[in-house]
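Written out below as structure tokens is the structure these notes cover.
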Amino acid sequence: MLGNAAVLDPETGSLTEGQAVVVEDGRIVEVGPASLVRAGEATVLDVKGGTVMPGLIDAHVHVYAATADLGALEEWAPSYLTARAAGILRGMLDRGFTTVRDVAGADYGIAAAVSEGLLAGPRVIFGGRALSQTGGHGDSRGPGRALLDQHPCAPALTVVADGVPEVRRAAREQLRRGAHHVKVMLSGGIASPTDRIDSTQYSMEELRAVVEEARAAGRYVTGHAYTAAAVNRGLEAGVGCIEHGNLMDGSSVELFRRTGAFYVPTLATYAALADEGLAHGMPAAQHAKVFEVLDAGLGALELAARAGLPIVYGTDLLGGMHRRQLTELTIRSEVQPAADVLRSATTVAARLLGLQGQVGVVAPGALADLLVVDGNPLERLGLLTDPARNLRLVMAAGRLHRNELA
Ligand SMILES: [Zn+2]
């Protein structure tokens, strides 16, 4: 049990003092005034008036992106990549992220390794490999390479599939392996060698086929897109979530409104790539593409925030840049109030994941994903960006990862 706590509710943006939180078998069983809560046999941790809040959710990560040179990654041994991913996952949990949504790469193996406690890390909600057309954002071949090695054991974040039958099969393959969503590349991107940022990718027929497969399995499709044209094609095809969207416009906002789709900006990664992408292995030609989307990102967020779209926290960091995972909080607070930013990383993210009431809240029945912070993040969001100093406790599914409440 956590006693003497101020409990933060992201949904209402409020803090209630003098609370106790009782945890049993990985779940929260009771939250209320300390005097009313029955501690029973429980161990009591005195929070000393600190803030108890739900663990954070990052809805755009790649736990296997251990280098910014994604082409080179495909020649690594899977065993080596797993070891590197273990470090990335531990770092995320250290920063207070207790759930992540992996939108290309992670599979049922790494998710199971965390849920079984073999690796320390946030719960991994994964989509398997992202679907890309030939020459699209998920095709890592340079123009001089013809062979496409799609062996399922080779570490790759993506699968190349063209035409309706192939994309159906590729979507079904991801779903067969337990994918929580199917990711498609709707436009060009930065970390790909042959496409332009402003290209649109996949035909409407292919996109509709992927959406149909995901829906049939009770899942949704999320799409990587930068320009308004690419975002809009995805939303028109029935994609339930858009990643990045830096170059979208008012017409996209209208479509978001009409479809109820979620929006996941990933501003942390552009700043990181611009500053240090080259040092982390990103090829120079790809690094140059960062500047086509860097400045527009904040404007897209502002557009979405003003329209009241469901905005979710995402970072999309690669390689050694994962340490900048909390800078997204700072960047977003330039245009959003702290409570909105916190909701994007808790309750709104939970809705996207279909885990509302399970994650992103401190409430009975929820998974015991809890942080103890010195101070009130609703007043000073920046407290969260220095976890080594301000995070006193990290608990994921009832397991204590860190506890400095002596
Ligand atoms: Zn990404």
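The values are calculated or read from the model by the stated rules, or taken from the named source; none is laboratory data. Note that the structure is a prediction, hence the values are computed from the model and not measured. Heads up, the Cβs are rebuilt from the backbone with ideal geometry, glycines too, and the neighbour counts pull from every protein chain shown. Protein only, heavy atoms only, side chains kept; ligands, DNA and RNA dropped before computing areas. Shrake-Rupley method; radii C 1.70, N 1.55, O 1.52, S 1.80 Å.
Among the candidates G91, G87, G136, single out the residue that is under 25 Å from V264 (Cα atoms), within 14 Å of the ligand (Cβ to nearest atom) and at pLDDT 95 or above.
The conditions single out G136.
Quick one: is A72 closer than 30 Å to D139 by Cα and surrounded by fewer than 14 Cβ atoms within 10 Å (Cβ to Cβ)?
In short, yes.
Out of A77, A6, report the one residue that is modelled with pLDDT under 95, away from the ligand (no atom under 16 Å from the Cβ) and of a type outside the set (S, T, N, Q).
Criteria check complete, one pass: A77.
Please work out if A339 is farther than 30 Å from D69 by Cα, touching a Gly at 6+ places or on another chain (Cβ under 8 Å), assigned to a helix (DSSP H, G or I) and open to solvent by 20 Å² or more (accessible area, probe 1.4 Å).
Against the criterion (farther than 30 Å from D69 by Cα, touching a Gly at 6+ places or on another chain (Cβ under 8 Å), assigned to a helix (DSSP H, G or I) and open to solvent by 20 Å² or more (accessible area, probe 1.4 Å)), A339 qualifies.
Go over the candidates G360, G382, G375 one by one and state the one that is out of contact with any strand residue (DSSP E or B) (no Cβ under 6 Å at 6 or more places or on another chain), touching a residue at least 12 places away in the same chain (Cβ under 8 Å) and on the phi > 0 side of the Ramachandran plot.
G375
Out of A225, A214, report the one residue that is crowded, with 22+ Cβ neighbours inside 10 Å and not in a strand (DSSP E or B).
A214
Could you look through the stretch 82-113, keep only residues that are more than 22 Å from A388 (Cβ to Cβ), of a type in the set (A, V, I, L, M, F, W, C) and open to solvent by 10 Å² or more (accessible area, probe 1.4 Å), and pick out the one that is farthest from the chain's Cα centre (by Cα)?
A83
Which condition breaks for E328 when tested against (1) touching a Leu at 6+ places or on another chain (Cβ under 8 Å); (2) closer than 19 Å to G360 by Cα; (3) open to solvent by 10 Å² or more (accessible area, probe 1.4 Å)?
Failing condition for E328: (3).
Could you list all residues from the stretch 200-228 that are touching a residue at least 60 places away in the same chain (Cβ under 8 Å) and away from the ligand (no atom under 16 Å from the Cβ)?
Y202, E206, V210
Would you check if there is a residue in the stretch 96-103 being of a type in the set (D, E), free of Cβ contacts under 8 Å to residues at least 40 places away in the same chain and not in a helix (DSSP H, G or I)?
No; the residues of the stretch 96-103 include none that is of a type in the set (D, E), free of Cβ contacts under 8 Å to residues at least 40 places away in the same chain and not in a helix (DSSP H, G or I).
Between residues in the stretch 233-244 that are on the phi > 0 side of the Ramachandran plot and touching a residue at least 60 places away in the same chain (Cβ under 8 Å) and residues that are within 15 Å of the ligand (Cβ to nearest atom) and open to solvent by 10 Å² or more (accessible area, probe 1.4 Å), which pairs lie under 8 Å by C-beta distance while being six or more apart or on different chains?
Listed pairs, sorted by first residue: H244/D316.
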